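Reading through the structure tokens given below for one structure.
Just so you know, all these numbers are worked out from the coordinates, no wet-lab data involved. Note that the coordinates shown come from a computational prediction; the quantities given were computed from them, not determined experimentally. Don't worry about glycine lacking a Cβ; one is built from the backbone with ideal geometry, like all the others, and counts go over all protein chains shown.
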Amino acid sequence: MSPAYPFDDSATARAIIDATGTLVEWNEGARRLLGHTAAEVVGHPAALLLADGSKPFATREARWDGTLTLRHRDGSTLPVWLLAHRRQAEGDGPGGWLLVTPVEGDGPRPYDDPLERAQLLQSPCAVAIYDERLRLRRMNPAMTQVLGLPEERVRGLRIPEMSGREQSENLEQHLHDVLTTGRGHDVRTHLPIDGDGRMNSWLARMAPITDEKGRVRGVCVAAHDFTDQYLARERLQLVNEASVRIGTTLDVTRTAQELADVCVPALGDFVSVDLLDPPEAGGESFTGRLTAPVSLRRAAHRSINPGNPEAVAKPGQVDVYPAHSPQADSLVVGHTIVASMETGDLADWLSWDEERLERIRRYGIHSTMSVPIQARGLTLGVAVLTRFRRADGFTPDDVLLAEEITARAAVCIDNARRYSRERQTALALQRSLLPRSLPHTAAVEAASRYLPAARAGVGGDWFDVIPLSGMRVAMVVGDVVGHGIQASATMGRLRTAVRTLADIDLAPDELLTHLDDLVVRLSAEAGNEGNPGEVGATCLYAVYDPVSRHCTAARAGHPAPVMVPPDGAPQEVDLPPGPPLGLGGLPFECAELDLPEGTVLSLYTDGLIESRERGMDASHALLCEALAASPGPTGSLEEACDRVLHRLLPSGGALDDVALLLARTRGLPSSQVATWDIPADPALVSPIRKQVVTQLGRWELSDVAFIAELVVSELVTNAIRYGSRPIRLRLIHDATTLICEVSDTSHTAPHLRRAKTWDEGGRGLLLVAQLTQRWGSRHTAEGKTIWSEISLVDDG
């Protein structure tokens, strides 16, 4: 036997019995003890080696020791003290046993044996001495108490044979290192030494024992139990881990799942998190004391077994828990409740729910701990921790640890709920400020989408379609910097301003100039005079005329629109880039383009094309590809919107909120437009009225001929009297509206006056206002146009 391998296999009788009671291993020491060779006994029942009247060991514990009478090969019987360790089973099946007993006796030792002269046996520390073969020579009463085995029985055994654990082989290797190097060192290990299966933490201090000549003759081991300190450090580490792992998002379900994940398997074998449903939108959270029964919704659960087979409720399912159930009782009293099968605390609950009773019996659940989830004076739900694989129940330290982790999770869940409520409020505000539906106009067919950001929440993106005079239509898309309620409120103010400015028929560049001034004032009101542009926004404004099929557009720091001609490929509109709104004092430029009927204009905010995975150019190309797949001039724009969002936005949602507006242009046939040049002669007003009545007869609109005749007479007379030549009259109609327009080169706009009783004038425009649906004026580069709209639909 060399120092490099001091283990003598024949010094210990060792055998292994499988779960069926069959011998599967038989070493040389066992042959020396009973005379049977391995070939004679391996594969045969171990009971054949028992003498008559002897009973084999039967226990649920992890270790057994006692004396059995065994048969020798020569026919004699031999009482043998055995130490049996239960072997861990593979899978869910039963395990076998490892049996050991020392073969060599403790004969007389030399007087000068250094192992006998070691004076450590009266130490209060657990001390053991191992010889050159790393077999136990001596141990003091403290070590005997730790092992729970008498010294005279285990003397001559190695550490793995006494513990029966594979982890102890590593400890024996350290003993071997001390034996061969002659240098002592300390080892921290975790072993269930006392036989009850509970893991203990040990500090083993190893030192060589030498003789008078300095030769290493053995190893002395002093074991210190620091299980309490180790568990305290583990609890602190678990709390620190919980603070990092719980609350990574502002999602209630995800946070509940993180709580369950942290607690398994550190605190429980199965953990469920059930939450009270939040109050209705706008409602107050319940702050009073709960009463049983309690309705709870399963938010998350986690098990050491794949698939969570112990769970009765599915995520999202609501269960009602009656009085005397751990969930209801812990919520009613407001503190943690520990229940177990041993004390009978679960009996009432088990009788209430047969399905849970069946699961508890199937998986051997023996203990539960129900911890209320409370934060800021509110009760949010309950976390239930269950044990079935771990044999030990919940201790007071486990309760404190579970309460600490749950308290941290409760704050995160409450934060997530508050964020969700605020986000819903902001989203409701955002959607209330956006158009509920787009108007039906003769100029365009439109469809739109708005999506809030997946994480940042709602922002200031908006879109609008605004009917203008003369069958024209304005299309606008904008984006306010920032997110949240403040951005939504600013967006509402800007959208209202755009509608007001559009109502007076400003050109796109002029409208953006006025809007820029408004944003500068809003920034000043917010206290950002020294930081112009702090309240910033971008905007794209376009006006389309279905009569001329002419579009005028301008933008302020906004992405250019994409145009899809009816018979061509998508292309970006060459629109001069303007500065973002809020910088102040910088000009905006218009671009004019002709749009064939059936052209699709795509107006969007930058959230549609922003992506971490691809650049702006790639996103723009992908947008063009998605628009090119639209089903022609008559296809559904709603489907096209969905296709664009699906192609460009990630599955997890957009990084920024997105507004998308698709508009397909329509053209008004020339047959629905009539135009006359008017001489500046009041005497010719009567023939003009007759021509108008005749034209309305051709259009089969004679029902409104009387009203139209009066309106045309008043507008033409005013233009001749107060305007400048040339003067032009134009009639436009579609299925619902007849528009009368009179244009001249004067820039003076008319004003509605209230005529007094004896006034001869001042009643003309008042009459127009009473007879028409609406009227107004707009300035052009050549002068002004006075217009009025007569409804062709019977409101009654």
The chain, relative contact order [Cα under 8 Å, separation at least 6], %: 6
Cut-off under 5 Å, modelled amide H: who pairs with G218 long-range: I209
Extension gain from A292 to E638, taking 0.36 nm per residue of separation minus the Cα-Cα distance: 119.6 nm
For a label point 7 Å along the Cα-to-beta-carbon line of T425, residues of region 482-522 with backbone N under 14 Å: 484-489
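Evaluated at 20 °C with a viscosity of 1.002 mPa s, what Stokes-Einstein diffusion coefficient in µm²/s does region 167-280 have when Rh comes from the Kirkwood expression over alpha-carbon pairs? Don't skip to the answer; put the middle values down first.
Working: Rh = 18.0 Å.
Estimated via Stokes-Einstein, D reaches 119 µm²/s.
List the equivalent ellipsoid semi-axes of region 541-661 in whole Å, largest first, each obtained as the square root of 5λ for an eigenvalue λ of the Cα gyration tensor.
After diagonalising the Cα gyration tensor, the semi-axes are 23, 22, 11 Å.
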Estimated 222 nm signal from helices in the chain, with DSSP H stretches of n ≥ 4 weighted -39500 (n - 2.57), rounded to 500: -9500 deg cm²/dmol
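Take peptides 10-20, 565-575 and line them up by average Cβ neighbours within 10 Å, highest first, as a rough protection proxy.
For the peptides 10-20, 565-575, the packing ranking is 10-20, 565-575.
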Gain in span if fully extended, D225 to A680, counting 0.36 nm per residue against the direct Cα distance: 152.4 nm
From the C-alpha gyration tensor of the chain, square roots of 5λ in Å: 94, 27, 24
Where labels lie 7 Å past Cα in the beta-carbon direction, separation of D52 and E358 in nm: 5.1
Rounded FRET efficiency, nearest 0.05, which uses the C-beta distance separating A621 from R418 and R0 of 51 Å: 0.80
Listed residue (I365, Q145, M616) projecting farthest to the positive dipole end of the chain, Cβ model: Q145
Charge dipole (debye, nearest 20) of region 670-791; +1 at Cβ of Lys and Arg, -1 at Cβ of Asp and Glu: 300
Kirkwood-based shape ratio for region 430-565, expressed as Rg/Rh from alpha carbons: 0.97
Label point distance in nm, D186-L378, each placed 7 Å from Cα along Cα→Cβ: 4.9
Residues whose placed amide H lies under 5 Å from that of T737, excluding near-sequence neighbours: L792
Charge dipole of the chain about the Cα centre (unit charges at C-beta), most positive-ward option of A260, T694, G156: G156
Rg/Rg_globular for region 612-699, with Rg_globular taken as 2.2 N^0.38 Å and Rg from C-alpha atoms: 2.04
Extension reserve of the R493-Q773 stretch, reckoned as 0.36 nm per residue once the Cα distance is removed: 98.1 nm
Radius of gyration and maximum dimension Dmax of region 9-102, Cα, Å: 12.7, 40
